[in-house]
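Colleague: Quick one: the structure is below, and I'll ask about it shortly.
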Amino acid sequence: MTETLAASASIATAGSALGRLIRAAVDVRADGAFAQVHVPAPAASPLAWLAGQRGLPRLFWHGRGEQESVATLGAALTVGSEAHAPGDLPPHAYVSTASDLVALSDVLERLGPDAKLWGGLRFDARKQPDGAWNLYQPLRFTLPRFTYTRHDDGSATLACALVLPDDLNRLDAISAQAERLSSAREMDRIRLPVPLERADLPGRPTWNRMIASALAAFEKGELEKVVLGRRVTYRFPTPLDAFDLLHQLMGATPGCFHFYTEHAQNTAFVGASPELLFRLRDGRLQSEAIAGTRPRADANEADDLLRRELLDSDKDQREHRYVRHFLEEQLGRFTTDLESDESPSEMPLARGRHLRSRLSGTPQPNTHPVDVLRALHPTPAVGGTPTQAALAFIREHEPFDRGRYAAPLGWISRDEAEFAVGIRSGRVEGDTLALYSGAGIVQGSNADAEWDEIEGKIANFTSVLGLNPSPK
């Protein structure tokens, strides 16, 4: 505890040093419209650093299987719009329209290759948003004003992004912001209080009707697969701390992408997703087909039985093939030598397992990450097939808005990108926790079994926090 507090005090000192550098940046030059001022900082938890800051937006990202983690604060530039008061947008703001992705491409080109924008999409821009999802427009990416990064080697950096030439006229104000950066906050291991109530949407009878409608659509040849979701909302006697919740979730879910996004006060989207949408980096374009699910068991013999059951399941293999074939077709448009696993293998996690096929290829010249993002979302792992028919079915039958659930989340630059799929996730809003999960429905699916599969996924999230997920 003492070491953490000492380190965090030094991080605050790094903000003052950063402020002095910003004031001295009047002659900064860059190839594009982006420049960055940075200072070394003591290594601490970026999540703890972010929890100690005031201001919005706030974002945290920890890549799957990586040591590096990143926390960002504020926006030097925004692509997309949200429910801001007039005049409350950052100085560089692009209004969200049907051409959002075109605007994103244009901004990335203007900023040059070194600028990373962080953010993501809503699952379905055509679905009427509900609740706090009203704050999330179809697309939102920000060039963070401040970024605290803990690198693979254990070192850390505190950086400030500048958008040229406009920010050269605002250096004193930006410097003052840097000097107000706070120390890291101590993170707690939490146990959620007993909830006052639990609400399931849809309830069991409606879920049964949804599955029956899907099976009828399969029989008519209208659909081959559709992913249907559920939302479970807990209300607690006191407000929840989303930072502490994610801190605890990270410790229990190794091998996942961990994320936190907050665009409005007291409303955050957090999760631990096992699923990579795509990575375009270091001359490779990579993705994964992940579909088919079984739980884990404590005893080795029982766990091995569940593994073999998944690998031998015709239903799960068919569900997986829809995802794999979609990715092969789409990635084939962008690569010269696409390779994929000959057959799916098990992807073991701390609290579950999936079928996984990895795909990788050399990107064709001039492959733009925005085009890959446009082509891949939504995959049949979260939507269904045929894609548009599945989306129409979800819009008609799911009684809630997914918002950012099951949507792309990550970072993008002019030439590179990495996106996870926002599953195994929840929205924290004051004293409520809304958890989202889904199941792939194909011919032969059973309503009770699919309900239980989702209940198990929700339990993986809630059991980490000492919360009994089962309805009374």
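Colleague: Considering the stretch 181-292, what Rg and Dmax in Å follow from its alpha-carbon atoms?
Modeller: 19.4, 60
Colleague: May I pose another question? With the Cα gyration tensor of the stretch 161-246 giving a ≥ b ≥ c as the square roots of its eigenvalues, does the rule (a/c under 1.5 for rounded; else a/b larger than b/c for prolate; else oblate) give rounded, prolate or oblate? Could the numbers behind the result be given before it?
Modeller: Working: a/c = 4.81, a/b = 1.76, b/c = 2.73.
Taking the square roots of the gyration eigenvalues as a ≥ b ≥ c, the stretch 161-246 is oblate.
Colleague: Step through the table entries 127/225; 225/315; 127/315, compare each Cα-Cα distance with 23 Å, and write down the pairs that go over it. Each step should come with its number before you reach the end.
Modeller: Details: 127/225 20 Å; 225/315 11 Å; 127/315 29 Å.
Over 23 Å Cα-Cα: 127/315.
Colleague: On a straight-distance basis, which aspartates and glutamates could pair with residue 116 in a cross-link, Cα separation under 12 angstrom, same-chain partners fewer than 8 positions away excluded?
Modeller: Partners found: 415, 416, 418.
Colleague: Describe numerically, in nm with one decimal, the distance between label points set 7 Å from Cα along Cα→Cβ at residue 153 and at residue 200.
Modeller: That separation, rounded to one decimal, is 5.3 nm.
Colleague: Another question, if that's okay. How much net charge surrounds residue 204 when only other residues with a Cβ under 12 Å from its Cβ are counted (Lys, Arg +1; Asp, Glu -1)?
Modeller: On the way: positive: 209, 230; negative: 200, 448, 450, 452, 455.
Once positives and negatives cancel, what remains is -3.
Colleague: By how many degrees, between 0 and 90 and to the nearest 10, does the Cα long axis of helix 242-252 differ from the longest principal axis of the chain?
Modeller: Taking the Cα atoms of the chain, the angle to 242-252 is about 60 degrees.
Colleague: How large is the dipole of the chain about the Cα centre if only Lys and Arg carry +1 and Asp and Glu carry -1, each at its Cβ, rounded to the nearest 20 debye? Let's see the in-between values first.
Modeller: Working: 52 positive and 62 negative charges, 169 e Å.
Roughly 820 debye for the chain.
Colleague: How much length, in nm to one decimal, is gained on full extension between residue 179 and residue 343, taken as 0.36 nm per residue of separation minus their Cα-Cα distance?
Modeller: Numbers: separation 164, 0.36 × 164 = 59.04 nm, distance 5.39 nm.
Full-extension gain reported as 53.6 nm.
Colleague: Considering only protein heavy atoms, what per residue accessible area in square angstrom results for the chain with a 1.4 angstrom probe? Before the final figure, lay out each step's value.
Modeller: On the way: 19300 Å² over 472 residues.
Roughly 41 Å² per residue, with all protein chains present.
Colleague: Would you pull out the residues with amide H under 5 Å of residue 225's amide H, same chain only if 5 or more places away, H placed 1.01 Å from N?
Modeller: 385
Colleague: Excluding residue 48 itself, calculate the net charge of residues whose Cβ lies under 11 Å from the Cβ of residue 48, where each Lys or Arg counts +1 and each Asp or Glu counts -1. Let's see the in-between values first.
Modeller: Working: positive: 150, 185; negative: 186, 188, 244.
Summing Lys and Arg as +1 and Asp and Glu as -1 gives -1.
Colleague: Per residue of the stretch 52-65, what does 6.51 cos²θ - 1.76 cosθ + 1.60 with θ = phi - 60° give for ³J(HN,Hα)? Whole Hz please, x for Gly and Pro, Karplus curve as stated.
Modeller: x, 8, 10, x, 9, x, 10, 9, 10, 9, 10, x, 5, x
Colleague: Mind grabbing the accessible area of residue 339 for me, 1.4 Å probe, Å², rounded to tens?
Modeller: 120
Colleague: Which length gain, in nm to one decimal place, applies between residue 209 and residue 313 when the Cα-Cα distance is subtracted from 0.36 nm times their residue separation? Walk me through the intermediate numbers first.
Modeller: Working: separation 104, 0.36 × 104 = 37.44 nm, distance 2.48 nm.
Gain in length upon complete extension: 35.0 nm.
Colleague: Okay, moving on. How would the chain be classified by its alpha-carbon gyration tensor: rounded, prolate or oblate, with rounded meaning a/c under 1.5 and the a/b versus b/c comparison settling the rest? Could you put the intermediate results ahead of the total?
Modeller: On the way: a/c = 1.74, a/b = 1.44, b/c = 1.21.
The shape class here is prolate.
Colleague: In degrees, nearest 10, range 0 to 90: what is the angle between the Cα axis of helix 314-332 and the longest Cα principal axis of the chain?
Modeller: Computed tilt is about 40 degrees.
Colleague: A follow-up question, please. With the cut-off at 1.5 for a/c, could you classify the stretch 365-469 from its C-alpha gyration tensor as rounded, prolate or oblate?
Modeller: Values: a/c = 2.24, a/b = 1.36, b/c = 1.65.
Oblate is the answer for the stretch 365-469, as a/c is 1.5 or above yet b/c matches or exceeds a/b.
Colleague: Let me ask you something else. Per residue of the chain, what 222 nm ellipticity follows from adding -39500 (n - 2.57) for every DSSP H run with n ≥ 4, rounded to the nearest 500? It would help to have the intermediate numbers written out before the result.
Modeller: Numbers: 11 runs with 145 residues, N = 472.
Calculated from helices alone, the mean residue ellipticity at 222 nm is -10000 deg cm²/dmol.
Colleague: How far, in nm, would the chain grow between residue 350 and residue 415 when pulled straight, counting 0.36 nm per residue and subtracting the alpha carbon separation?
Modeller: Numbers: separation 65, 0.36 × 65 = 23.40 nm, distance 3.35 nm.
Here the segment from residue 350 to residue 415 would lengthen by 20.0 nm.
Colleague: Summarise the accessible area of the stretch 258-363 (1.4 Å probe, protein heavy atoms) by the percent that is carbon and sulfur. Write out the running numbers ahead of the final one.
Modeller: Values: 1940 of 4590 Å².
Taking all protein chains in place, the stretch 258-363 shows 42 percent carbon and sulfur surface.
Colleague: Mind giving me the nanometre distance, one decimal, between the label points for residue 130 and residue 252, set 7 Å out from Cα along Cα→Cβ?
Modeller: Those two pseudo-labels are separated by 2.7 nm.
Colleague: OK, next. How far is helix 100-111 tilted, in degrees, relative to the longest principal axis of the Cα atoms in the chain, given as a value from 0 to 90 rounded to the nearest 10?
Modeller: The angle comes out near 30 degrees.
The values are calculated or read from the model by the stated rules, or taken from the named source; none is laboratory data. This is a predicted model, so every value here is computed, not measured. Cβ: placed from backbone, ideal geometry, glycine included. Neighbour counts: every protein chain shown. Keep in mind that these areas ignore ligands, DNA and RNA; they rest on the heavy atoms of the full protein, side chains included. Shrake-Rupley method; radii C 1.70, N 1.55, O 1.52, S 1.80 Å.
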